[in-house]
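Where a number appears in this text, it was derived from the coordinates with a stated rule and is not lab data. From a predicted model like this one, the values you see are computed outputs, not experimental measurements. Don't worry about glycine lacking a Cβ; one is built from the backbone with ideal geometry, like all the others, and counts go over all protein chains shown.
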Amino acid sequence: MPKTFTAPFAQTTKIGTAVATLAGTITDDAPTNTVLISTAGADGSLLTSVTALPRSDTTGTALYLFVSKDSGTTKRLVDSALMQAHTVAPTTAIPVTDFVNINETTPIRLEAGDELYVSSGVALASGIVFTAQTTDF
């Protein structure tokens, strides 16, 4: 892509969602049971938020975020969060688990076409819903 000499500003906001149901691995660059949540735009993107919510009762579990620069062949672990145990009930709110290292003041800068994948440390048949907020340049 040609270089521009005018300052590019992030312009197009996107929200990506994914549901992880199977337990994933993180022991190498080919983790199992990952789910694509977002793809950076043609001029790159800023990732400013990743959150997760369980759809049913869950024990505590690690949550993982990966980036791939080769269409999912290689996925590198870039962040994780701990989801606390929770019993889902109609009279209680479901706590949101934030990936606290990623926010408006410390975003992750993604190159054009970078793909983000998520997974969970434990299986949850009803799934864990992940949300990623990005802004394309």
Scoring only Lys, Arg, Asp and Glu (+1, +1, -1, -1) among other residues with Cβ under 15 Å from the Cβ of Ser68 yields -4
Computed over the chain, the distribution of all Cα-Cα distances in 10 Å bins, rounded to whole %, is 13, 42, 31, 12, 3, 0
